[in-house]
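Colleague: Sending over a structure as structure tokens; questions will come in a sec.
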Amino acid sequence: MRGENKLGGLFTPKLGLLVSNTPQAEEAAAEVRSGHDFVDIPEADAVVALGGDGFMLAVLHRVLHARNPKPVFGMNRGTVGFLMNHYSADALADRVRDATSFFLSPLTMEATTASGETVVSPAINEVSLLRETRQAAKIEISIDGKVRLEELACDGVLVSTPAGSTAYNLSAGGPILPLDCDLLALTALSPFRPRRWKGALVKNSSVVEFRVLEAERRPVSAVADQVEVRDVVHVKITSDLTRRLELLFDPDYALDDRILMEQFLS
């Protein structure tokens, strides 16, 4: 969701810096440090992240767990950089102050294992269920307490946020979602039965539940971004609409426009 950048009223915002441990990112960090004085993250008005999309995801998880979450302005020193601005060491504080804000709400995964353990973990991109062996997974799907698909035989299934819809979801054939659409993508991974079922769109206020059928014979793992829980029997996914992550983008680099353009690329 697009919003107002609250840093616009600051003459010179105080910036913190987080850097991926790659030579390209570390070289860029040396350049930006030579032209700007950074502060410790707790004292910062915003955080500058140097790296790629994977590093940005790690930074957003760090921000999500912080007592005082900071807006994040990413600059691409990775490969794709979908969630990153172009890299330049010039006028960095001015760019952050004049940036456009986008707000993202994470998912919450509550996964119960065969041993009875329950693991709760947030996900910014998606929660995916994946078969652990050569046997196809068999999964029952419920939405808001009502069974919608009694048995999906597949390699797996995922629930994606709009921000994550251009990642794993897109590679699996799922739809690209506009950031402000208030929807989640439910996408099957290599479905076998029903063969033609490709997924569904559900409201982000929905409670999505997966029950693993024949779990002993067909074990399944659940993954919330990079956190994996093995041998799950039940997974509940909700949107945490009370928490918002703020990403900052240059005015001419609108994330919603870039997501739209992805639908027209061959």
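Quick note: the coordinates plus some simple rules give every number you see, no bench work behind them. Computed from a predicted model, the values in this text were never measured in an experiment. All Cβ positions, glycine included, derive from the backbone under ideal geometry; neighbour counts span all protein chains shown.
Colleague: Across segment 121-127, in residue order, what do the Karplus-derived ³J(HN,Hα) couplings come to in whole Hz, using 6.51 cos²θ - 1.76 cosθ + 1.60 with θ = phi - 60° and x for Gly and Pro?
Modeller: 8, x, 9, 8, 8, 7, 10
Colleague: Placing one identical point scatterer on every Cα of the chain and ignoring solvent, what is log10 I(q)/I(0) from the Debye formula at q = 0.07, 0.13, 0.15 Å⁻¹?
Modeller: Values, matching the q order: -0.27, -0.85, -1.04.
Colleague: If you don't mind, there's one more thing I want to ask. Using each residue's phi in segment 134-139, evaluate 6.51 cos²θ - 1.76 cosθ + 1.60 at θ = phi - 60° and report the 3J(HN,Hα) Karplus result to the nearest Hz, with x for Gly and Pro.
Modeller: Using θ = phi - 60°, the values come out as 6, 6, 4, 6, 10, 9 Hz.
Colleague: Now for a separate question. Given H placed on each backbone N at 1.01 Å, which residues far from L149 in sequence or on other chains put an amide H within less than 5 Å of it?
Modeller: I141
Colleague: Give me H234, H65 ranked fewest to most by other Cβ atoms within 10 Å of their Cβ, as a rough exposure proxy.
Modeller: Fewest-to-most ranking of H234, H65: H65, H234.
Colleague: Determine one quarter of the surface area of the Cα convex hull of segment 1-154, which equals its mean projected area, and express it in nm² to one decimal.
Modeller: If you wrap the Cα atoms of segment 1-154 in a convex hull and average its projections, you get 12.8 nm².
Colleague: A follow-up question, please. For segment 104-155, what are the per-bin percents of Cα-Cα distances with bins 10 Å wide, up to the bin holding the maximum?
Modeller: 20, 43, 36, 2
Colleague: A further question follows. Note down the Stokes-Einstein diffusion coefficient of segment 107-239 in µm²/s, whole number, using a Kirkwood radius over alpha carbon pairs, 25 °C, and 0.890 mPa s.
Modeller: Reported coefficient: 172 µm²/s.
Colleague: Related question: Going highest first, how would you order 35-43, 182-190 by mean Cβ packing within 10 Å?
Modeller: The peptides rank, most packed first, as 182-190, 35-43.
Colleague: Specify, per residue and in Å³, the volume enclosed by the convex hull of the alpha carbon atoms belonging to segment 14-99.
Modeller: 84 Å³
Colleague: OK, next. Apply the Karplus curve 6.51 cos²θ - 1.76 cosθ + 1.60, θ = phi - 60°, to the phi angles in segment 236-251 and return the couplings in whole Hz, x for Gly and Pro.
Modeller: Computed from phi, the couplings for segment 236-251 are 10, 10, 9, 8, 8, 6, 7, 10, 9, 9, 10, 9, 10, 9, 4, x Hz.
Colleague: Using modelled amide H (1.01 Å from N, peptide plane; none on Pro or chain starts), what sits under 5 Å from the amide H of Y87, excluding residues fewer than 5 places away?
Modeller: So Y87 has HN proximity to N76.
Colleague: If packing is taken as the average number of other Cβ atoms within 10 Å across a peptide's residues, how do 157-168, 218-229, 113-124 rank, most packed first?
Modeller: For the peptides 157-168, 218-229, 113-124, the packing ranking is 157-168, 218-229, 113-124.
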